[in-house]
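Peer 1: Sending over a structure as structure tokens; questions will come in a sec.
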Amino acid sequence: MNIFCILESKFTMKIASIKTYMIHPSMGKNLIFVKVETDEEISGWGECYTQSDRDTIIQTHIQKLTRYLKGRDPFEIKRFTHMVYEDWATKRGSMELFCAISGIEQALWDIIGKRLNQPVYNLLGGPCRKQIRVYANGWSNNSRTIDELCDQAKATVQRGFTALKFDPFPGPWRLFITRKEEKEAIRKVEAVRGTVGPNVDILVEVHRRLAPMHAIRIAKSLEKYSPFWYEEPVPSENVDALCLVKNQVDIPIVTGECLYTKAGFRTIFEKSAADIINPDICNTGGILELKEIAAMAEPYYIAVAPHNYNSTIFGLAASLQAAAVIPNFLILEYFLFFESLAKDIAENPFSVENSYIELPQNPGLGIQLKEDALPQYKYKEFPKRRISPYLN
């Protein structure tokens, strides 16, 4: 087919339907996959970031958006994302809204790539690299003791991963913690460093839980273990508090998984509040939005390490496409406990070799689903979260 036929088709192909699939992978959280179908029988897939107890709200957003998208040209991605925020949501954003937008947006890119017979990264300027470095997460979730933590770290390194992330803090997420909790977190990082040696990168996750006085004191004790980074040490809504930590700590500071769209990152860049940002492609607005956020970060000399608490299917696929074209890309998150799901329901799932994933060569996002395998992972609620009736 020549280019003129392709261009003509661009103006005639229309969105026919949008479907959502709520997936229960047995560990972590439920997942939402989005399938956008066209009248040319080309379909695309995407994924929404989810949180337990908030996932059905995201699905509802997609269902409500569907009637505004039917009959539209799937090539008009920027028009879609702008219209949803400006007109549909009347500039009232939320995590659930941006998760819904992200899943649909990825599916549209998948359609376009398949229609033009190109990987998405070739439609975004072409790749800056042929393989993507990933770090392992989810490897430490079942550890109850420091010895178990170290055993799991050792096993993950033996699989070939050269970067490991974990949250060493015990107990519920509280701004103010005891010295005992501080010391336990430090001991865990010390033990993992002693287990994996000096050549494996350790990424310390804090999950926005600490007041600056704790975040700074702990980080100073961790500096001698050479962490690769110190992720979200304080709540992300207070940029000045993040600056306070960054200016007193000799470990690269990360923030961004709870910031959505370019607007959410503006103050981070203007105040040089982080060394690295970690926007999530499944909640910040999708592939193009992540690329644009990365472009904003580039002249501030800030690296991009996409957050990816999503499946190793579409969430990973979309992240790989974006990471390929971002010059200031650093490393990508990879969740081990979603691997078994990918092996069951994805055709030729991505594989990690020595902490790298080769860029997919297939059109679109580069991965396909076995839809007939989805019913065995039917949605169900996870047990209620651990919520303390009192503050400590």
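Peer 1: Given the conditions (1) in contact (Cβ under 8 Å) with a residue 24 or more places away in the chain; (2) in contact with a Pro (Cβ under 9 Å, 6 or more places away or on another chain); (3) over 30 Å from ASN348 (Cα atoms), which single one is not true for GLY264?
Peer 2: (1)
Peer 1: Still on this structure, please answer the following. Select the helices (runs of 4 or more DSSP H) contained entirely in segment 278-369, then report the ones holding at least 2 residues which are touching a residue at least 24 places away in the same chain (Cβ under 8 Å) and closer than 22 Å to ASN30 by Cα.
Peer 2: So the answer is 314-325, 339-345.
Peer 1: Cβ-Cβ under 7 Å, sequence separation 6+ or interchain: first residue in segment 140-158 and closer than 13 Å to PHE337 by Cβ, partner part of a loop (DSSP other than H, G, I, E, B). Which pairs?
Peer 2: GLN152/TRP139; GLN152/SER140; GLN152/SER143; THR156/TRP139
Peer 1: Within segment 283-290, identify whether any single residue is of a type in the set (A, V, I, L, M) and under 25 Å from ASP201 (Cα atoms), and answer yes or no.
Peer 2: yes
Peer 1: Determine whether ILE132 is outside any loop (DSSP other than H, G, I, E, B) and touching a Gly at 6+ places or on another chain (Cβ under 9 Å).
Peer 2: Values: outside any loop (DSSP other than H, G, I, E, B): yes; touching a Gly at 6+ places or on another chain (Cβ under 9 Å): no.
Judged against the criteria, ILE132 is not a match.
Peer 1: I want to confirm something. Restricting to segment 140-191 and keeping residues that are closer than 28 Å to ILE216 by Cβ and among the small types (Gly, Ala, Ser), which single residue is nearest to the chain's Cα centre (by Cα)?
Peer 2: ALA163
Peer 1: Kindly indicate whether any position in segment 163-173 is at pLDDT 95 or above, more than 28 Å from ARG133 (Cα to Cα) and either touching a strand residue (DSSP E or B) at 6+ places or on another chain (Cβ under 7 Å) or surrounded by 16 or more Cβ atoms within 10 Å (Cβ to Cβ) (or both).
Peer 2: No.
Peer 1: Quick one: GLN131 ticks every box in (1) polar (S, T, N, Q); (2) closer than 28 Å to ARG217 by Cβ; (3) modelled with pLDDT of 95 or more except a single one, so which number is it?
Peer 2: (2)
Peer 1: Please pick out the residue among PRO198, PRO233 that is more than 21 Å from the chain's Cα centre (by Cα) and not in a helix (DSSP H, G or I).
Peer 2: Residue meeting the stated conditions: PRO198.
Peer 1: Being under 22 Å from ILE345 (Cβ atoms), β-branched (Val, Ile, Thr) and touching a residue at least 40 places away in the same chain (Cβ under 8 Å) narrows it down to one of THR50, THR66, THR56, THR38, so name that one. Spell out how you get there, then give the answer.
Peer 2: Values: THR66 fails: under 22 Å from ILE345 (Cβ atoms); THR56 fails: touching a residue at least 40 places away in the same chain (Cβ under 8 Å); THR38 fails: under 22 Å from ILE345 (Cβ atoms).
Residue meeting the stated conditions: THR50.
Yes or no, residue by residue, for (1) in contact with a Cys (Cβ under 9 Å, 6 or more places away or on another chain); (2) of a type in the set (A, V, I, L, M, F, W, C); (3) under 20 Å from LYS19 (Cα atoms); (4) modelled with pLDDT of 95 or more:
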residue	(1), (2), (3), (4)
GLU333	no, no, no, yes
ILE345	no, yes, yes, yes
VAL352	no, yes, no, yes
PRO360	no, no, no, yes
GLY364	no, no, yes, yes
LEU391	no, yes, no, no
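Peer 1: ARG209 versus (1) touching a strand residue (DSSP E or B) at 6+ places or on another chain (Cβ under 9 Å); (2) crowded, with 19+ Cβ neighbours inside 10 Å: which is the lone unmet condition?
Peer 2: (1)
Peer 1: So the check is Cβ under 8 Å with 6+ separation or different chains; which pairs have a first residue in segment 176-192 that's of a type in the set (Phe, Trp, Tyr) and a second one that's part of a helix (DSSP H, G or I)?
Peer 2: Listed by first residue and then by second, the contacts come to PHE176/HIS214.
Peer 1: Test PRO227 against the stated conditions and say whether it is modelled with pLDDT of 95 or more, under 23 Å from ILE331 (Cβ atoms) and surrounded by fewer than 23 Cβ atoms within 10 Å (Cβ to Cβ).
Peer 2: yes
Peer 1: Something else now. Of the residues that sit in segment 138-160 and are among the hydrophobic types (A, V, I, L, M, F, W, C) and not in a loop (DSSP other than H, G, I, E, B), which one is farthest from TYR334 (Cα to Cα)? Quick ask: steps written out before the conclusion?
Peer 2: Filtering segment 138-160 down to residues among the hydrophobic types (A, V, I, L, M, F, W, C) leaves 139, 146, 149-150, 153, 155, 157.
Of the ones still in play, those that are also not in a loop (DSSP other than H, G, I, E, B) are 146, 149-150, 153, 155, 157.
Values: ILE146: 23, LEU149: 18, CYS150: 19, ALA153: 15, ALA155: 16, VAL157: 14 Å.
That would be ILE146.
Peer 1: Evaluate segment 171-179: report whether one residue or more is assigned to a loop (DSSP other than H, G, I, E, B), in contact with an Asp or Glu (Cβ under 8 Å, 6 or more places away or on another chain) and either of a type in the set (Asp, Glu) or within 30 Å of ILE367 (Cβ to Cβ) (or both). So that I can check it myself, show each step before the final result.
Peer 2: Taking segment 171-179 and keeping what is assigned to a loop (DSSP other than H, G, I, E, B), we get 171-178.
Subsequent filtering for residues that are in contact with an Asp or Glu (Cβ under 8 Å, 6 or more places away or on another chain) retains 171.
This time we only want the ones that are either of a type in the set (Asp, Glu) or within 30 Å of ILE367 (Cβ to Cβ) (or both), so: none.
No.
Residues checked against (1) crowded, with 22+ Cβ neighbours inside 10 Å; (2) not assigned by TED's automatic domain parsing to the domain that holds GLN321:
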{"site": "THR81", "(1), (2)": "no, yes"}
{"site": "TYR85", "(1), (2)": "no, yes"}
{"site": "LYS91", "(1), (2)": "no, yes"}
{"site": "ILE104", "(1), (2)": "yes, yes"}
{"site": "GLY113", "(1), (2)": "yes, yes"}
{"site": "PRO127", "(1), (2)": "no, no"}
{"site": "LYS130", "(1), (2)": "no, no"}
{"site": "ARG133", "(1), (2)": "no, no"}
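The values are calculated or read from the model by the stated rules, or taken from the named source; none is laboratory data. The shown structure was predicted, so the numbers you read here are calculated from the model rather than taken from an experiment. All Cβ positions, even for glycine, are placed from backbone atoms using ideal geometry, and neighbour counts span all protein chains on display.
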